[in-house]
1. Using only alpha carbon pairs under 8 Å that are at least six residues apart, calculate the relative contact order of segment 129-174 and give it in whole percent.
2. Specify the residue with the greatest mean-square fluctuation among T226, T145, T136, computed from a Gaussian network of the chain linking alpha-carbon atoms under 10 Å apart.
3. Quantify, in whole percent, the carbon and sulfur part of the accessible surface of the chain (1.4 Å probe; protein heavy atoms only).
4. Kindly report the accessible area of the chain per residue (heavy atoms of protein chains, probe 1.4 Å, no ligands, DNA or RNA), in Å².
5. Could you work out the equivalent-ellipsoid semi-axes for segment 53-124, taking the square root of 5 times each eigenvalue of the Cα gyration tensor, largest first, in whole Å?
6. For segment 7-58, which GluC sites (Glu not before Pro) are both in a DSSP coil and crowded by at most 13 other Cβ atoms within 10 Å?
7. At 1.4 Å probe size, put H219, H174 in order of accessible surface, largest to smallest.
8. Output wanted: per-residue J couplings in Hz (rounded whole) for segment 10-26, from phi through Karplus 6.51 cos²θ - 1.76 cosθ + 1.60, θ = phi - 60°, x for Gly and Pro.
Amino acid sequence: MDDDEKDEKPRTDEDILEESREGLDEAIERESDMRTKMRDDLKFATLDQWPEDLRRAREGDVTNGPRPCLTIDQINQYITQVSNEMNKNQPSIKTRPVDDIADPQTAQVYQGLIRHIEDRSNAQVAYATSGNSAVTIGLGFVRVTTDYVSDDSFDQEILIRRIPDTFSVYLGPHIMPDGSDADKAWVFEEVPIDRFKADYPKASTKDEDFSSLGEIFGHGWKTDKTITVCEYFYKEYTPTTLIFLADGSKMPQQNYDEIEGQKPEITGKRQTNKSVVRWCKHTGAEIL
């Protein structure tokens, strides 16, 4: 182990919170121009197509009298056409064995489990919401999460849930169009203060804890009526030595070292990074 690894201190909640806020500021700045165009697309699709200053000038013309601001819808028929095609050919998750080693029967078992998750989650609503958003403004999201089966259970189940507001999601830097190579992501919700106090009775709602944080989305992390709650997803990487064995199998060096007795022959090694996705929920002032 390197001296740097020995001296490395575990990250505190404040470190993670600061990392989230800084990464979010960068994501908002990076996507600012794109999101402005997306909002323009949304306004155009809802027939809010006149610039506000020009609308006021026409409707408030005192000299010549008010003039109409006609709007002829020539776009929603095409949005509806594409959306209807998606609804007729509803998307779903499919599993396929990709080589001779994969077991078709195992793939069928996974397919049954996924179908149950989709049915339980009413996933078609989530798919349709994200699809319509993608058609209208060019981007849509679906989330896969877990939740407890009931209020008095420790068992959890996988759920596919809709994200009705595309603008409530930000991804970290990525190259792939679907964002699958992003190392960070943020999902927001503006929670009414009364509900926030009920959900998080120990959390701070003092104005002084939020006043120094600056604005987010055009207002502070806390307003007179709401508090912005953020879910922060991030990857952590651990350097790992991957070894290849004579029998064709592979495993991390640590697992190989733990084998007792006769160990299989090593035919190769390489360095890699093991990633773990972590999650936390926070306001601008603290981790919840």
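1. RCO, segment 129-174: 36 percent.
2. Maximum among the listed residues: T145.
3. Heavy-atom surface of the chain belonging to carbon and sulfur, 1.4 Å probe: 50 percent.
4. On a per-residue basis, 70 Å².
5. Here the semi-axes work out to 56, 13, 11 Å.
6. Sites meeting the loop and neighbour criteria: E8.
7. H174, H219
8. Calculated HN-Hα couplings, in order: x, 6, 8, 4, 5, 4, 5, 5, 5, 4, 5, 5, 5, x, 5, 4, 5 Hz.
The values are calculated or read from the model by the stated rules, or taken from the named source; none is laboratory data. Bear in mind that the values here come from a model prediction, so they are computed numbers and not experimental data. Because the Cβ atoms are built from the backbone with ideal geometry, glycine has one as well, and the counts that use them run over all protein chains shown. These area figures cover heavy atoms from the full protein model, side chains too; ligands, DNA and RNA do not enter into them. Shrake-Rupley method; radii C 1.70, N 1.55, O 1.52, S 1.80 Å.
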